[in-house]
Amino acid sequence: AASGGGGGGNAGGVEGGKDTQHLDDDVSSPWDLFVHTGPWALFWAHSVFNYSNYVLNAWMPTMFVERFAGIDAAAAGVYLMWPEAAGIASRFAAAAVADRLVREGRASLLTVRRVCSG
């Protein structure tokens, strides 16, 4: 039986033949979360991603203008827009493929989530 809030999924169930333990069972106060590795991993991944994204978006146009002759800031912005647009398009495409796999029964929801989450 799942306990706690929404999200559904496999919270508190049996996953791969092993009992999964709720984080809620070990936490008596919000400050106890600081001793678990999960929140720290999430914090670290989020920080690294956002810092990298900031550096690329803030400094890449300047690097293009300084490094490549004949490119102004507007042209650099156009060149740097395409990876972002491709990322958005690939997210929509991956979501459609994942939905289709689950709907047709070719993959379980848990398998699709694991593959698509990396």
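The values are calculated or read from the model by the stated rules, or taken from the named source; none is laboratory data. Here the structure is a predicted model, which is why all the values come from computation and not from measurement. Cβ: placed from backbone, ideal geometry, glycine included. Neighbour counts: every protein chain shown. Ligands, DNA and RNA are stripped out before the accessible areas are found, and what is left, the full protein with its side chains, is counted by its heavy atoms. Shrake-Rupley method; radii C 1.70, N 1.55, O 1.52, S 1.80 Å.
Which of the residues belonging to the stretch 68-80 are in a helix (DSSP H, G or I) and either open to solvent by 90 Å² or more (accessible area, probe 1.4 Å) or among the acidic types (Asp, Glu) (or both)?
Passing the criteria: only Tyr79.
When you go through Leu80, Leu101 one by one, which is the residue that is modelled with pLDDT of 90 or more and touching a helix residue (DSSP H, G or I) at 6+ places or on another chain (Cβ under 8 Å)?
Leu101
Would you point out which residue out of Val65, Val55 is touching an Asp or Glu at 6+ places or on another chain (Cβ under 7 Å) and either surrounded by 10 or more Cβ atoms within 10 Å (Cβ to Cβ) or closer than 30 Å to Cys116 by Cβ (or both)?
Result of the check over Val65, Val55: Val65.
Within the stretch 95-109, is there a residue that is open to solvent by 70 Å² or more (accessible area, probe 1.4 Å), closer than 29 Å to Leu56 by Cα and either touching a residue at least 60 places away in the same chain (Cβ under 8 Å) or in a helix (DSSP H, G or I) (or both)?
Among the residues of the stretch 95-109, not one is open to solvent by 70 Å² or more (accessible area, probe 1.4 Å), closer than 29 Å to Leu56 by Cα and either touching a residue at least 60 places away in the same chain (Cβ under 8 Å) or in a helix (DSSP H, G or I) (or both), which makes the answer no.
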